[in-house]
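Only one structure is covered here, and it is reproduced in the block below.
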Amino acid sequence: MSLETTFPTTPPTPPRLPPLRRLAARCMRNPLGGVIAALVLIFGVSCLLSPHFLTGFNMMIMARALAFIGLVTIGQSILMILGELDLSVGAIGGLAGIAGGMLMVQAGLNPWLSLVLCLLLGTACGMLNGVLITQLRLHSLVLTIGMAGVYGGAILVATKGVAITGVPGDISFLGRGLVYGVPVPFIVLLACLGVVAFVMVRTPVGRYVYAIGSNPEAARMLGLRVDAIRIAAFATAGFLSALAGILMVARLGTAQPSIGDTWVLAPIAAAVIGGVATTGGLGSPVGAVLGAVIIGMIENIIVLFGISPYWQSVVSGGIVVLAISFDSLARRYLHREA
């Protein structure tokens, strides 16, 4: 009888990906790593291109400008993680700002009470979007395009295209004030970002949002209240947009009908640059705000070089196309190599 020695078999070592593929995979697994690297690179290049970039005055201007678009970006990123999109956030912000101006100037209401009512109005508009989408089973992109027209039309009906002047100076601190050299709107942005990030990472509600964005049908089978969470997400986006609109009114001292006109493409581009997947289920509001910082730095360099501000729209639209294209190609590339 022959004795055979059996040696344990070692599982084959998976082939190592080339360096470029490993880098892409690492960035896709950790979106903040990629956006932080891009942020540092663009910051360094901006410092080299203009001696006026890294000055206290310019940093203050950038921080204040970031606050308004950053608040809208936070709300939009929540919706995108959920697998939804709201193209009416800019119109909601403008409507809230106009309503605040009318309540304070024309109705003579207490400014702080007016601000609270405007926040409730923005929340109600976002909630209305969510209710229509969930109850009528409509696509969020299609419905919010229509609702943007409704809210924008309401602004023109209320103002007839004329700005509301004479906003009380009691609220100017919210838009123009500084705390130890830091603009108040930027502090408001950081506070909102901290609350939202905590909810998304440390609470069951945040985990539910990611689960619904990844697979809504599976989440529904697990007993999650998918429609209620969607409505709450749209209401949150409406609240943050209204807050941005109110801060802008406090900054300008007037309620302009054009408030929020530019708050449509930039938040989407910022969210995608920050690692939020266009298909839902991936990303974070922190990364989305970092994406907004990148866009803000690029636009700031355009201004410092004396290029026409009209090019900012071209840059924002181009960034949207590039960001979405890169997101789609990168995920397709990694899926093929998996």
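Shown are R225, R251, R176, R137, whose ranking by accessible area with a 1.4 Å probe and every protein chain present, most to least, is R225, R137, R176, R251.
Counting only heavy atoms of protein chains, what accessible area per residue, in Å², does the stretch 44-149 have with a probe of 1.4 Å?
Working: 4150 Å² over 106 residues.
Dividing the accessible area of the stretch 44-149 by its residue count gives 39 Å².
As a fraction of the 1.4 Å probe accessible area of the stretch 193-292, surface on carbon and sulfur atoms comes out at 65 percent.
The candidates L136, L178, arranged from most to least accessible area with a 1.4 Å probe in the full protein assembly, appear as L136, L178. Remark: accessible surface ordering of V205, V131 (largest first) is V205, V131, probe radius 1.4 Å. Qualifying chymotrypsin sites (Phe, Trp or Tyr not before Pro) in the stretch 132-233, where qualification requires a DSSP coil assignment and no more than 10 other C-beta atoms within 10 Å, comprise Y180. Compared with the direct C-alpha span, the chain from V182 to L48 gains 45.8 nm at full extension, assuming 0.36 nm per residue.
Given Cβ point charges of +1 (Lys, Arg) and -1 (Asp, Glu) and nothing else, what value in debye, to the nearest 20, does the dipole of the stretch 174-309 about its Cα centre take?
320 debye
Here the stretch 43-177 exposes an accessible surface that is 75 percent carbon and sulfur, computed with a 1.4 Å probe and the other protein chains kept in place.
The values are calculated or read from the model by the stated rules, or taken from the named source; none is laboratory data. Nothing here was measured: the structure is a model prediction, and the numbers come from that model. For neighbour counting, all protein chains shown are included, and Cβ atoms are generated from backbone atoms with ideal geometry for every residue, glycine included. The protein model used for the area step is the full one, side chains on, heavy atoms only, and it has no ligands, DNA or RNA in it. Shrake-Rupley method; radii C 1.70, N 1.55, O 1.52, S 1.80 Å.
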